[in-house]
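Heads up, the thing below is written out as structure tokens.
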Amino acid sequence: MTPANFDFHCHSIVSDGLLAPAVVARRAAANGVDLWALTDHDDLGGLVEARATADEVGMPFVNGVEISIEWRGVPIHIVGLGFDAANAGLVNGLNELRAGRIERARRMGDALAAVGIPGVYEGALCFVTNPSLISRAHFGRYMVSIGIARDMAGVFQHYLTPGKPGYVDHRWATLDEAVGWIAGAGGVAVVAHPGRYKMSGADMRRFLDDFKDCGGRGLEVTCGSHSPDHVMHFARLARHYEFHASRGSDFHGPEESYVDLGKLPQLPEDLKPVWRLVV
Ligand code: AMP
Ligand code: MN
Ligand code: MN
Ligand code: MN
């Protein structure tokens, strides 16, 4: 098979997306996606529904997840693709990772209360669609709803990013753990949206060295948060490291995402597409 429009990064209500897995599947198919992965944050709970709907509409599907890690103090996301979703190491690792989110969310609420915005943890809970997966996106949606900022970009910029009052440090998984869980379950690990991380070129290369050393094989080159310059830059790094290239919209919902499912530019032609490793 040679897909013309694969999309390997998006979210449903199983994490911080706005649509049910079945609805995301139908939207992907309607937008012309011909090979799809659902990649909810730290949770595999949407995969059965996603696959069933993908089967129904005749769209090939691979299992996906987006794992939250920290590398030398930098929060980073690792996408896993094509793994066995029943693998105990992966399932247990993700269970533990999710458990830490509740306590982190409480600390975020305390930190915001300390700057005069009380009740945000409780408010964010009203936006949560999976009780075991509370994310900054839920905080952002609640804070927009009470008029703290006009939109998500504003609330993240002023409250929810490093150095801002609602941002707290947190122990995520390690790089080794995340790549190990994915590879141990027969899947392929891919660095999500590398253009989003605040690190120097030297640190990015150090990170990619570590990622490759522990078994990572892919890099998102084309994605919802990459400019054309990012695409060129990370295409060069994919060639240098001999990584397979991924393409994913990072769609969360119709009102919130810059790029819809299946609406990304194609990968640079000479790169090895990551779907070859998972179909
Ligand atoms: P968390 O995993 O709890 O740290 O939350 C990260 C999530 O917040 C991302 O997956 C996005 O859904 C959302 N997010 C992060 N930065 C922004 C931003 N600048 N604007 C809107 N949403 C964002
Ligand atoms: Mn998200
Ligand atoms: Mn991400
Ligand atoms: Mn994502």
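The values are calculated or read from the model by the stated rules, or taken from the named source; none is laboratory data. None of the values given here were measured: they were computed from a predicted structure. Cβ sites come from the backbone with ideal geometry, for glycine too, and all protein chains shown count toward neighbours. For accessibility, only protein heavy atoms count, side chains too; no ligands or nucleic acids. Shrake-Rupley method; radii C 1.70, N 1.55, O 1.52, S 1.80 Å.
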**Prompt:** If R0 is 35 Å, what FRET efficiency do you get for ASP209 and GLU122 from their C-beta distance, rounded to 0.05?
**Reply:** 0.20
**Request:** Can you grab the distance from the C-alpha centre of segment 176-245 to the C-alpha centre of segment 21-88, Å, no decimals?
**Result:** 18 Å
**Request:** May I ask for the net charge around VAL274, where only other residues with Cβ less than 13 Å from the Cβ of VAL274 are counted and Lys, Arg are +1 while Asp, Glu are -1?
**Result:** +1
**Asked** Who wins for biggest fluctuation among CYS223, CYS126, CYS214 in a Gaussian network model of the chain, springs between alpha carbons below 10 Å?
**Response** CYS126
**Request:** For ASP270 and VAL115, compute 0.36 nm times the residue count separating them, minus their Cα-Cα distance, and round to one decimal in nm.
**Result:** 50.7 nm
**Message:** On C-alpha positions alone, give me the angle between the axis of helix 175-184 and the longest principal axis of the chain, in degrees, nearest 10.
**Reply:** 50 degrees
**Message:** Given an 8 Å cut-off on Cα distances and at least 6 residues of separation, report the relative contact order of segment 157-233 as a percent.
**Reply:** 30 percent
**Prompt:** Rounded, prolate or oblate: which one fits segment 222-279, using the alpha carbon gyration tensor with axes a ≥ b ≥ c (rounded when a/c is under 1.5, else prolate when a/b beats b/c, else oblate)?
**Reply:** oblate
**Message:** With angles folded into 0 to 90 degrees, how steeply does helix 88-114 sit against the dominant principal axis of the chain? Use alpha carbons for both and round to 10.
**Reply:** 30 degrees
**Asked** Working out 0.36 nm times the residue gap between LYS263 and ASP151, then minus their Cα-Cα distance, what length gain in nm do you get to one decimal?
**Response** 38.0 nm
**Rel. contact order, % - alpha carbon contacts under 8 angstrom, at least six apart, the chain** = 21 percent
**Asked** Which value, in debye to the nearest 20, gives the size of the charge dipole of segment 11-102 about its Cα centre, when Lys and Arg are +1 and Asp and Glu are -1 at the Cβ?
**Response** 140 debye
**Prompt:** Hey, any idea what % of the chain's accessible area is carbon plus sulfur with a 1.4 Å probe?
**Reply:** 52 percent
**Request:** For ASP84 paired with THR161, estimate the spin-label separation in nm (one decimal), with each label point 7 Å from Cα along the Cα-to-Cβ line.
**Result:** 4.2 nm
**Message:** Kirkwood hydrodynamic radius, segment 66-197, all distinct C-alpha pairs: what's the number in Å?
**Reply:** 15.7 Å
**Request:** With a Förster radius of 30 Å, plug the Cβ-Cβ distance of GLU103 and TYR197 into 1/(1 + (r/R0)^6) and report the FRET value to the nearest 0.05.
**Result:** 0.80
**Item:** Point-charge dipole on Cβ atoms (K/R +1, D/E -1) for the chain, about Cα centre, debye to 20
**Value:** 480 debye
**Kirkwood hydrodynamic radius of segment 52-102, Cα pairs, Å** = 12.9 Å
**Complete:** When the charge dipole of segment 65-192 is computed with +1 on Lys and Arg Cβ and -1 on Asp and Glu Cβ about the Cα centre, the Cα farthest towards its positive end, among ALA149, ALA86, THR174, belongs to ALA149
